[in-house]
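The values are calculated or read from the model by the stated rules, or taken from the named source; none is laboratory data. Computed from a predicted model, the values in this text were never measured in an experiment. Cβ atoms come from the backbone with ideal geometry, glycine included; neighbour counts cover every protein chain shown.
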Amino acid sequence: MKRFFELLAIALACLFMTACVATNTSPSPSIVAGQDSSREVAMRAYAEGDYHLAEGILQRLAAAPHLDPQAPCYLGAIHYRQHAYQAALKRFQECTTQYPERSEVWFNAAASHLRLATELLLTGRSYQINENSSTALTKQYEGLLKALLQLQRAHADEVY
């Protein structure tokens, strides 16, 4: 019986040692601030959906003494994702002065304008007294709202 326990202890020790060797010791791909540059950490945080961390890092990069010229563009994207369209538009307009040759900057600024216009019309619609009114202005209002929703690939029945 004593021999059985000795063999069992040896087998368990070998199994434990094998498991330790097989365990991956490389660091996980989680965000570690000391390993990468600040912008890389911010981009990884953004990709993982941690907009608050990404925003904090990019705010620091956008301010003195760093003055990273791309940081406002990335901040605009974060604000857009958070539905803060006024802040996104402000950041994208900063980008148009830095990178006027980049079409995506103009596209993002225009998309922010579209979202702001859509939200404005949706908010205004909630104050309409008679939603079934068939006046010319009401038809134009609804037509503009539908056109904006189509531009953003939203279906009208999602907001009605």
Condition first: within 19 Å of the chain's Cα centre (by Cα), part of a helix (DSSP H, G or I) and closer than 30 Å to GLN70 by Cα. Can you find one or more residues in segment 146-154 that meet it? no
Would you confirm whether any residue within segment 129-136 is in contact (Cβ under 8 Å) with a residue 12 or more places away in the chain and either surrounded by 12 or more Cβ atoms within 10 Å (Cβ to Cβ) or closer than 22 Å to ARG39 by Cβ (or both)? no
Quick check on segment 31-43. Is at least one of its residues assigned to a helix (DSSP H, G or I), out of contact with any Lys or Arg (no Cβ under 6 Å at 6 or more places or on another chain), of a type in the set (Lys, Arg) and within 19 Å of LEU151 (Cβ to Cβ)? no
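To keep it simple, each residue is scored yes or no on (1) within 30 Å of LEU137 (Cα to Cα); (2) at pLDDT below 95; (3) among the basic types (Lys, Arg); (4) in contact with a Phe, Trp or Tyr (Cβ under 9 Å, 6 or more places away or on another chain).
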residue: PRO69; (1), (2), (3), (4): no, yes, no, yes
residue: PRO72; (1), (2), (3), (4): no, yes, no, yes
residue: LYS90; (1), (2), (3), (4): no, no, yes, no
residue: ALA117; (1), (2), (3), (4): yes, no, no, no
Can you name the residue in segment 104-125 that is in contact (Cβ under 8 Å) with a residue 24 or more places away in the chain and farther than 12 Å from TYR85 by Cβ and, of all such residues, is nearest to the chain's Cα centre (by Cα)? VAL105
Given the criteria surrounded by 15 or more Cβ atoms within 10 Å (Cβ to Cβ), in contact with an Asp or Glu (Cβ under 6 Å, 6 or more places away or on another chain) and closer than 21 Å to SER38 by Cβ, does LEU61 qualify? yes
Of the residues in segment 71-103, those that are more than 16 Å from the chain's Cα centre (by Cα) and either assigned to a helix (DSSP H, G or I) or loosely packed, with under 15 Cβ neighbours inside 10 Å (or both) come to LYS90, GLN93, GLU94, CYS95, THR96, THR97, GLN98, PRO100, GLU101, ARG102, SER103
